[in-house]
Amino acid sequence: MKTLEEFGLAIPEILLPAEIDLSTWSVIACDQYTQDKEYWKKVEETANGKPSTLNLILPEVYLGDNKDERIKAIRKTMSDYISTDVFAAPKKCLVYIERKTAFGRTRKGLVVQIDLDTYEWKPFSKANIRATEATIVDRIPPRMEIRKGAPLELPHIMLLVNDKKDMLVGGTGKSVKKNNPLYKGKLMSNGGEITGWEVSSAADIENVTAAVNKIAEANASSDGSTFLFAVGDGNHSLATAKAVWEEHKKELIAKGASGKEINESPVKYALIEIVNIYDDGLTFEPIHRVIFNIDNEALIAKLAEKLNGQTIEVMSKDALEVAVKDSWANFGFVYKKDGVQKYVLLSTDIKELAVSRLQPEIDEFLKGCDKSEIDYIHGTEEVFRLGEQDNAVSILLPPIAKDSFFETINSRGPLPRKSFSMGEADEKRFYLECRKLFS
């Protein structure tokens, strides 16, 4: 049986506040509510004067506001939290998590650290850990400024595991829930509730190791590679961690560091949460498209041709929505022609995740449309509202098929940008556990 380290996993030294008040300590991922300063002002009011992860992150809503000063203040606060009595003694352990969201769903997770040398975001990688969506390279350097030299790391990255039997996350939970939790409480701002249990006994670590071995065996390819984890949330944050490590590794080598020193560098690792893709509490929502200023019917005809599909006009938006939701491979189009509202269904026999085939054909069509614009839409109501405009066509995408998720990425590479959303905004990961990064 292989060790966890051979799969790129390791047991972190977790830092938690000595006196933890989750309602003020824990805040949502920095890349949420990026157009809503009022949300973050309320977070500031809630956490005011108390130790909080808010003081250790840079919400992206403020990226254009005195960024350098904010980063300097974050570094100082990190150092202050480490040097004072904010944190309890570190615990060398994994953490099993149950998060009950405000939407009545309970999502299970396992916090662990990963070896960044076993992760690769570039397309068609054969690494154990791979990106799910296309990585926008320009988004990495600004995030590197925040991570480089940071004394602490806080995770909002979530990795998906293809584990139909729920051996890893669920199996770990069954074992450790008999113990008292490490922490338990309510999260701020409609975040729901969260409970975490320590996973550190020799028996529990052995069970985790056995589960990872079985999952790896089930996900092994004929070429010998293993697709163990897919990045669900935080793709650009993990790509940033990788870039910072590659840069730091070069510096260590230049200084003559030994192989042992390089392998033991905290920067070589990233703290993440593993979630089973088949977890009942994990919902996948498609992200729909709307395109402005194009020949709507020419686009539909071209997509039908390229996707080997058939089109049919339906009588109402309700009928269109039902037809799209009833299949993994149908698309709906909403637009106006000569003042008349149109609802068109495109049926295909696509076997992969539908968006992986649709978006490249849209991109190709738009190359010849200089005045066109594309936007990405959450929720069907907005799809139909925008499709009622004279200069737009909305595209309703089908549900995300969990069964074909890993297979599609393995065969076709990362999905196109804006392919899916994991739950609602308030269900995104909250910062909670910490780990030392740069000393």
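The values are calculated or read from the model by the stated rules, or taken from the named source; none is laboratory data. These figures come from a predicted structure and were not determined experimentally. Cβ coordinates were reconstructed from backbone atoms using ideal geometry, including for glycine residues, and neighbour counts include every protein chain displayed. Please note that ligands, DNA and RNA were not included when accessible areas were found on the heavy atoms of the full protein model with its side chains. Shrake-Rupley method; radii C 1.70, N 1.55, O 1.52, S 1.80 Å.
How high is the relative contact order of the stretch 81-137, in percent, counting Cα pairs under 8 Å that sit 6 or more residues apart?
19 percent
Using Cα pairs under 8 angstrom and six or more residues apart, how large is the relative contact order of the chain, in percent?
On the way: 850 pairs, mean separation 103.5, N = 439.
In percent, rounded to a whole number, it is 24.
Taking the C-alpha atoms of the stretch 36-100, how large are the radius of gyration and the largest Cα-Cα span, Dmax, in Å?
Computed over the Cα atoms of the stretch 36-100, radius of gyration and Dmax are 14.4, 38 Å.
Taking H as built 1.01 Å from N, whose amide H comes closer than 5 Å to the amide H of Asp163, not counting residues under 5 places away?
Ile277, Tyr278
Let me know the shape class of the stretch 230-296, please: from the alpha-carbon gyration tensor, a ≥ b ≥ c as square roots of the eigenvalues, rounded when a/c is under 1.5, otherwise prolate if a/b is greater than b/c, or oblate.
Since a/c reaches 1.5 but b/c is at least a/b, the shape of the stretch 230-296 is classed as oblate.
Answer rounded, prolate or oblate for the stretch 245-361, using the Cα gyration tensor with square roots of eigenvalues a ≥ b ≥ c: rounded when a/c is under 1.5, else prolate when a/b is larger than b/c, else oblate.
Numbers: a/c = 3.74, a/b = 2.62, b/c = 1.43.
It comes out prolate by the Cα gyration axes.
Output ³J(HN,Hα) for the stretch 433-439: one whole-Hz value per residue in order, computed from phi by the Karplus curve 6.51 cos²θ - 1.76 cosθ + 1.60 with θ = phi - 60°, and x for Gly and Pro.
6, 10, 8, 5, 10, 8, 8
Based on alpha-carbon centroids, what's the gap between the stretch 351-366 and the stretch 111-164 in Å, whole number please?
25 Å
Can you give the angle from 0 to 90° between the axis of helix 202-218 and the longest principal axis of the chain, with both taken from C-alpha atoms, to the nearest 10?
30 degrees
So how exposed is Thr77, as accessible area in Å² (1.4 Å probe, rounded to 10)?
30 Å²
Keeping all protein chains in place and using 1.4 angstrom, which order do Arg385, Arg357 fall into by accessible surface area, from largest down?
The most accessible residue leads, giving Arg385, Arg357.
Give me the percent of the accessible area of the chain that comes from carbon and sulfur atoms, probe 1.4 Å, all protein chains in place.
47 percent
Quote to one decimal, in nm, the extra length available between Glu381 and Asp68 on full extension: 0.36 nm per residue of separation minus the C-alpha distance between them.
108.7 nm
Is it possible to state the helix-based mean residue ellipticity at 222 nm for the chain, with each DSSP H run of 4+ residues giving -39500 (n - 2.57), the sum divided by total residues, to the nearest 500 deg cm²/dmol? What is it?
Per the formula, -9500 deg cm²/dmol.
With respect to the cross-link table entries Lys100/Lys249; Lys2/Lys92; Lys306/Lys418; Lys2/Lys165, which display a Cα-Cα separation exceeding 27 Å? Working shown, then result.
Working: Lys100/Lys249 39 Å; Lys2/Lys92 20 Å; Lys306/Lys418 21 Å; Lys2/Lys165 20 Å.
With Cα atoms farther than 27 Å apart: Lys100/Lys249.
How large is Rg/Rh for the chain, to two decimals, with Cα atoms and a Kirkwood Rh?
In the chain, Rg relative to Rh is 0.99.
Note down the relative contact order for the stretch 96-176 as a percent, whole number, built from C-alpha pairs under 8 angstrom at least six residues apart.
Here the relative contact order equals 27 percent.
Report, as a whole number in µm² per second, the diffusion coefficient that Stokes-Einstein gives for the stretch 144-273 at 25 °C and 0.890 mPa s using the Kirkwood radius over alpha carbon pairs.
For the chosen part, D equals 139 µm²/s.
In whole Hz, with x marking every Gly and Pro, tabulate ³J(HN,Hα) for the stretch 38-48 from phi via Karplus 6.51 cos²θ - 1.76 cosθ + 1.60, θ = phi - 60°.
Computed from phi, the couplings for the stretch 38-48 are 4, 4, 6, 5, 5, 4, 4, 5, 5, 8, 3 Hz.
Could you point to the residue in Ile291, Leu168, Phe227 farthest towards the positive end of the chain's charge dipole, with +1 and -1 charges on the Cβ of Lys/Arg and Asp/Glu respectively?
Checked the options; the winner is Leu168.
Pairs to check: Lys122/Lys186; Lys178/Lys428; Lys41/Lys177; Lys317/Lys367. Give those whose C-alpha atoms are more than 31 Å from each other in this structure.
Result: Lys122/Lys186; Lys41/Lys177 exceed 31 Å.
Can you tell me the alpha carbon radius of gyration of the stretch 100-173 divided by the globular rule-of-thumb value 2.2 N^0.38 Å?
Normalised by 2.2 N^0.38 Å, the Cα Rg of the stretch 100-173 equals 1.37.
Lys255 versus Asn391, label points 7 Å from Cα toward the beta carbon: distance in nm?
5.6 nm
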